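The values are calculated or read from the model by the stated rules, or taken from the named source; none is laboratory data. Computed from a predicted structure; not experimentally measured. Backbone-built Cβ (ideal geometry, glycine too); neighbour counts: all protein chains shown.
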Amino acid sequence: MKTIITYGTFDILHPGHVELLKKARELGDYLIVGISTDEFNEIKGKVAYNSYEDRKAMIEAIKYVDMIIPEEYWEQKIDDITKYNVDILVMGDDWKGSDKFTYLEDFVEVVFIPRIRNLSSTRVKQDLANPEINKFVKK
Ligand code: C2G
């Protein structure tokens, strides 16, 4: 059995997230998703709209996902790779070249998947706050 792992905040869910999870799962037989806890998001400098529990509920409802684990610190990936006998770590290619991942290439196959369109949770939040785009927001 080929085990795949990926990590992320997965806040405002959008097609880019789903495409990433689909493509990750297609690389093997079992997909583990490490979802950033609210505390780890603070370390990442991110504020999620949805709580960890809500983000976990959304991601585990996606048919490509087999297991959810909390992502609590950057360096846990080495432990996860051993603990879950991971064959491939997958991330969107916005992480390609990041020192958060390059060192992992000595321990596991790392695959960067091209991000589809330029979707992001941040952009969705910005668009929703923009009265020119979101008609429910008063000008
Ligand atoms: N992603 C993608 N395409 C998009 C947007 C995001 O492939 N249009 C990918 C990202 O590259 C990442 C995953 O979806 O692999 C989750 O994205 P985020 O929720 O923004 O997570 P991020 O802030 O990148 O945190 O230790 C890793 C970090 O937890 C990743």
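Would you be able to tell me the number of residues in the stretch 103-116 that are more than 11 Å from the ligand (Cβ to nearest atom) and either over 9 Å from MET91 (Cα atoms) or of a type in the set (Gly, Ala, Ser) (or both)?
The number of residues fulfilling the criteria is 6.
Can LEU119 be described as within 12 Å of the ligand (Cβ to nearest atom), within 14 Å of the chain's Cα centre (by Cα) and modelled with pLDDT under 95?
Answer is yes for this residue.
Applying the selection to the stretch 74-95, what residues are surrounded by 13 or more Cβ atoms within 10 Å (Cβ to Cβ) and over 14 Å from the mean Cα position of the chain (by Cα)?
GLN76, ILE78, ASP80, ILE81, TYR84, VAL86, ASP87, ILE88
Note down all Cβ pairs under 6 Å where the first residue falls in the stretch 97-116 and is at negative phi and in a loop (DSSP other than H, G, I, E, B), the second is charged (D, E, K, R) and crowded, with 16+ Cβ neighbours inside 10 Å, and they're at least six residues apart or on different chains.
Hits for this filter: ILE116/GLU19.
Kindly indicate whether ARG55 is within 9 Å of the ligand (Cβ to nearest atom) and either in contact with a helix residue (DSSP H, G or I) (Cβ under 8 Å, 6 or more places away or on another chain) or in a strand (DSSP E or B) (or both).
no
Output the residues belonging to the stretch 68-91 that are touching a residue at least 40 places away in the same chain (Cβ under 8 Å) and either in contact with a Pro (Cβ under 8 Å, 6 or more places away or on another chain) or in a helix (DSSP H, G or I) (or both).
Result: GLN76, LYS77, ASP80, ILE81.
Suppose we filter the stretch 117-139 for residues that are of a type in the set (A, V, I, L, M, F, W, C), without any contact (Cβ under 8 Å) to a residue 40 or more places away in the chain and under 16 Å from ILE12 (Cα atoms); how many remain?
Going through the stretch 117-139 one residue at a time, the tally reaches 2.
For the structure I just gave you, tell me whether VAL65 is in a loop (DSSP other than H, G, I, E, B) and modelled with pLDDT of 95 or more.
yes
Name the pairs whose Cβ atoms lie under 7 Å apart, with the first residue in the stretch 30-44 and within 16 Å of THR6 (Cβ to Cβ) and in a strand (DSSP E or B), the second of a type in the set (S, T, N, Q) and more than 10 Å from the ligand (Cβ to nearest atom), and 6 or more positions between them or separate chains?
TYR30/THR3; ILE32/THR3
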